[in-house]
Amino acid sequence: MLEHFWLPEGISTFSPRIDFLFTLIFWITAVVWALVTIAMIVFMVKYRTRPGRKATYIEGNPRLEILWTTVTAVILIGLALLSRSTWANIKENGPPGDVFYKVTAKQFNWEITYPGPDGKLGTADDVTVENDFHVPVNKVVRFELTSKDVIHSFFVPWIRLKQDAVPGRQIHVWFEATKKGQYEIPCAELCGFGHSGMKGTLYVESEQDFQHWLKDKYSSK
């Protein structure tokens with residue numbers, strides 16, 4: 001698979017759409033870069049300094065400038081329209097959640113709060129752990145993301161998820177992991193001297209393993 005060649009394996013339901021947009025933008029950029037680079041090399045050779053040759057003044061070409069601007073604008077507008085539904089689904093809407101959490105960033109850890117046996121966040125039986133984010137596979141996970149101090153960034157490359165955690169704001173995030181495993185959660189925003197060591201772990205588990213881990217946390221509270 002192409003995504004395995006130059007990207008981490010995508011393990012969320014929306015990763016194929018993110019990968020498609022990424023790959024499309026990459027190839028558009030690569031083609032433009034190649035054309036511009038080739039043109040520069042040709043011009044450097046063709047119009048290089050030669051004995052007896054005087055430099056001449058060349059006026060701008062309005063038609064060429066309008067064409068170039070129009071093509072660029074069409075590409076950007078096309079990408080915006082093409083990606084609109086993807087970003088609306090990921091950032092604005094999304095499916096109803098099956099499991100709910102609260103994730104709080106702080107220097108230099110992730111605090112993950114799980115609802116207690118009553119199934120509600122914000123009550124006395126909630127369980128909070130640092131850096132261990134356990135989720136069931138093939139379930140829609142929803143969580144509120146915030147920060148206690150400075151701006152952090154919750155980043156899981158395999159999920160194709162990157163969202164800033166901002167002090168004073170509750171940002172709603174969702175994903176659905178499709179493959180069991182352990183995946184690193186680094187902070188992707190410079191947040192202080194311990195930034196490089198701010199790493200959590202996402203554990204994607206079977207429903208049975210997830211419930212077993214959760215019961216152990218309830219009993220040890």
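All but one of (1) assigned by TED's automatic domain parsing to the domain that holds THR23; (2) within 23 Å of SER220 (Cβ to Cβ) hold for ASN61; which doesn't?
Among (1) assigned by TED's automatic domain parsing to the domain that holds THR23; (2) within 23 Å of SER220 (Cβ to Cβ), ASN61 violates only (2).
If I filter segment 80-121 down to residues being among the acidic types (Asp, Glu) and at pLDDT below 90, which single residue comes out as surrounded by the most Cβ atoms within 10 Å (Cβ to Cβ)?
ASP98
Please work out which residue is farthest from ASP164 (Cα to Cα), limiting yourself to segment 80-115 and to residues that are among the aliphatic types (A, V, I, L, M) and either assigned by TED's automatic domain parsing to the domain that holds GLN163 or touching a residue at least 24 places away in the same chain (Cβ under 8 Å) (or both).
This residue is LEU82.
Please verify whether VAL204 is more than 23 Å from SER12 (Cα to Cα), crowded, with 16+ Cβ neighbours inside 10 Å, modelled with pLDDT of 95 or more and not assigned by TED's automatic domain parsing to the domain that holds TRP87, treating the condition exactly as stated.
Taking the combined requirement at face value, the residue does not satisfy it.
Pick from segment 39-79 the residues that are more than 26 Å from PHE26 (Cα to Cα) and outside any loop (DSSP other than H, G, I, E, B): which of them is modelled with the lowest pLDDT?
Within segment 39-79, the match that is modelled with the lowest pLDDT is LYS46.
Out of the residues in segment 76-134 that are touching a Pro at 6+ places or on another chain (Cβ under 8 Å) and acidic (Asp, Glu), which is nearest to HIS195 (Cα to Cα)?
ASP126
Give segment 1-58 a look and list any residue that's of a type in the set (Val, Ile, Thr) and within 30 Å of SER85 (Cβ to Cβ), or say none.
Scanning segment 1-58 gives ILE11, THR13, ILE18, THR23, ILE25, ILE28, THR29, VAL31, VAL32.
If only one of PHE154, PHE210 is closer than 19 Å to LEU121 by Cβ and modelled with pLDDT of 95 or more, which one is it?
Unique residue meeting the criteria: PHE154.
May I ask you to verify whether LEU214 is at negative phi and free of Cβ contacts under 8 Å to residues at least 60 places away in the same chain?
Criteria not met by LEU214.
I'd like the residue in segment 12-27 that is part of a helix (DSSP H, G or I) and of a type in the set (A, V, I, L, M, F, W, C) and, out of all such residues, is nearest to GLY181 (Cα to Cα).
Here the residue is ILE18.
From the list ASP118, ASP149, exactly one residue is farther than 17 Å from ILE11 by Cα and in contact (Cβ under 8 Å) with a residue 40 or more places away in the chain. Which is it?
Exactly one of ASP118, ASP149 is farther than 17 Å from ILE11 by Cα and in contact (Cβ under 8 Å) with a residue 40 or more places away in the chain, namely ASP149.
Within the group PHE175, PHE133, which residue is in contact with a Leu (Cβ under 7 Å, 6 or more places away or on another chain), in contact (Cβ under 8 Å) with a residue 60 or more places away in the chain and over 14 Å from TRP110 (Cβ atoms)?
Result: PHE175 is the single residue among PHE175, PHE133 that is in contact with a Leu (Cβ under 7 Å, 6 or more places away or on another chain), in contact (Cβ under 8 Å) with a residue 60 or more places away in the chain and over 14 Å from TRP110 (Cβ atoms).
The values are calculated or read from the model by the stated rules, or taken from the named source; none is laboratory data. Computed from a predicted structure; not experimentally measured. Cβ coordinates were reconstructed from backbone atoms using ideal geometry, including for glycine residues, and neighbour counts include every protein chain displayed.
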